[in-house]
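See structure below.
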Amino acid sequence: MRPMGKSKSMRRAVPTAVCAAALAAGVLASPATARPDGPGQTPKGAPSWQLKDSGTDARFRGLAAVSRDTAWVAGSKGTVLRTSDGGRTWRDVSPPGGAALELRDVEAFDARRAVVLAIGEGEASRVLRTDDGGATWTESFRNTDPKAFYDCVTFFDPRHGLALSDPVDGRYRVLSTADGGRSWKVLPNTGMPRAQEGEAAFAASGQCLVAAGPRDVWLATGGAARARVLHSADRGLTWRATDAPIPAGDPARGVFGLAFRDRTHGIAVGGDYRPDQASPKAAAHTRDGGRTWTPAGRPPPAYRSGVAWLPHSRTTALAVGPTGTDLTSDGGRTWRTVDPGSFDTVDCARDGGCWASGEKGRVARLER
């Protein structure tokens, strides 16, 4: 979506049960503010975001957590970084000649295989894939339709995935791959509901298109009279739209990020991304696969762009945004701020490795 100028279903599980329980108890804090002996501060040894020096000032809205040791980030100035030692060192694996690309999403299958999405009008929207840890990249898709603008990409498994464009001729456009992102085709739009006037997706966190299981996928919208979440149970061939109780009615408002821990339980976050505008209803949750959405009884206090379920927990999740990180321990019904640091997106791996990334090269891993 143009004003912003992110699925991870294969990896989105959450730390060990012990860590999840600790998070639910509210012990997540920023190491910059956590003083073990200070009143109301995090106890020594409790889980907390630990910033990792990325060595760059790029803004990383694309993030893929493979494990506690391995993660990929993708962002501005065509920057792609990869770590295999828990963030102690980062390797610059940016696509050659891609400094003009605005990378907003990355989907990684392991330490060697990944797909990145560049956004923008016309040929600025591209998909690239690597099979050797970023030593080389192959461009597998370049948009040639000036009316298309791609925002997010997601995968059901290492072979099958989708990429989402803002509406073209009144309907969202969806690309499909069956070979891990090596080739793409445009799906027919006959099963896609018509878009509202001004409606689009937000390329804010790589989470405007997310999958759970082998066939279910959801897309988040904003910018129109109503914020909506669209759901497909057949890998993007047919869709059903549902209104979401998150602020809308303005190009800067809507649902920015989604996370589903299975095909029925999901969380939506968003609001108004302008820092001078309030976002009093920035989260909602569903227990029926997105057929209905319930607003959070106590939502995050401000706009949030990214969200992730914590591994091995049925009720605990994190939401992030420019003004902080929030925690829910009841499936999205209530939230409380646990860290003031700025992040755009968050992702967790099956082994419990949770990562966050954002502006000015900020990357952090959840430590415990």
Seminar exercise, completed: For ALA284, the lone unmet condition from (1) of a type in the set (Gly, Ala, Ser); (2) in a loop (DSSP other than H, G, I, E, B); (3) in contact with a Gly (Cβ under 8 Å, 6 or more places away or on another chain); (4) under 22 Å from ALA203 (Cβ atoms) is (2)
Exercise. ILE246 versus (1) buried (at least 24 other Cβ atoms within 10 Å of the Cβ); (2) out of contact with any His (no Cβ under 8 Å at 6 or more places or on another chain); (3) of a type in the set (A, V, I, L, M); (4) in a strand (DSSP E or B): which is the lone unmet condition?
Worked result: (4)
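If you check THR286 against the conditions, is it out of contact with any Phe, Trp or Tyr (no Cβ under 9 Å at 6 or more places or on another chain), modelled with pLDDT of 95 or more and closer than 25 Å to THR334 by Cα?
Considered against the rule, which asks whether it is out of contact with any Phe, Trp or Tyr (no Cβ under 9 Å at 6 or more places or on another chain), modelled with pLDDT of 95 or more and closer than 25 Å to THR334 by Cα, THR286 comes out as no.
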Exercise. Could you list, in sequence order, the residues of segment 170-225 that are at positive phi and buried (at least 21 other Cβ atoms within 10 Å of the Cβ)?
Worked result: GLY181, GLY206, GLY223
Exercise. Since THR292 meets every condition but one in (1) in a loop (DSSP other than H, G, I, E, B); (2) surrounded by 17 or more Cβ atoms within 10 Å (Cβ to Cβ), which condition does it not meet?
Worked result: (2)
Seminar exercise, completed: When every residue in segment 219-246 that is basic (Lys, Arg) and under 20 Å from the mean Cα position of the chain (by Cα) is compared, the one farthest from ALA296 (Cα to Cα) is ARG235
For this session: Could you list all residues from segment 243-283 that are hydrophobic (A, V, I, L, M, F, W, C) and under 14 Å from TRP335 (Cβ atoms)?
Result: ILE246, ALA259, ILE267, ALA268, VAL269, ALA282, ALA283
For this session: Examine segment 326-341 for a residue that is part of a strand (DSSP E or B) and touching a helix residue (DSSP H, G or I) at 6+ places or on another chain (Cβ under 7 Å), and state whether such a residue exists.
Result: yes
Exercise. Identify, please: which residue in segment 132-169 is crowded, with 19+ Cβ neighbours inside 10 Å and of a type in the set (Ser, Thr, Tyr) and is, among those, farthest from ARG263 (Cα to Cα)?
Worked result: TYR150
Problem set entry | Scope segment 138-158; condition in a loop (DSSP other than H, G, I, E, B) and either within 19 Å of GLN207 (Cα to Cα) or aromatic (Phe, Trp, Tyr) (or both); matching residues | ALA148, PHE156, ASP157, PRO158
Exercise. Within segment 342-359, is even one residue of a type in the set (Ser, Thr, Tyr), part of a strand (DSSP E or B) and more than 24 Å from VAL80 (Cα to Cα)?
Worked result: no
Seminar exercise, completed: Of the residues in segment 107-138, those that are more than 21 Å from ARG91 (Cβ to Cβ) and over 15 Å from the mean Cα position of the chain (by Cα) number 8
For this session: Please indicate, with yes or no, whether at least one residue in segment 73-84 is touching a Cys at 6+ places or on another chain (Cβ under 9 Å), crowded, with 17+ Cβ neighbours inside 10 Å and either of a type in the set (Lys, Arg) or in a loop (DSSP other than H, G, I, E, B) (or both).
Result: no
For this session: Using the structure shown, decide if ASP105 is in a strand (DSSP E or B), acidic (Asp, Glu) and under 28 Å from ARG68 (Cβ atoms).
Result: yes
Seminar exercise, completed: Of ASP330, ASP347, the only residue that is at negative phi and buried (at least 24 other Cβ atoms within 10 Å of the Cβ) is ASP347
Exercise. Restricted to segment 85-105, and to residues that are among the small types (Gly, Ala, Ser) and surrounded by fewer than 13 Cβ atoms within 10 Å (Cβ to Cβ), which residue is farthest from ALA135 (Cα to Cα)?
Worked result: ALA100
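The values are calculated or read from the model by the stated rules, or taken from the named source; none is laboratory data. Since we're looking at a predicted model, the values are computed, not measured. As a convention, Cβ positions derive from the backbone with ideal geometry for all residues, glycine included, and neighbour counts pool all protein chains shown.
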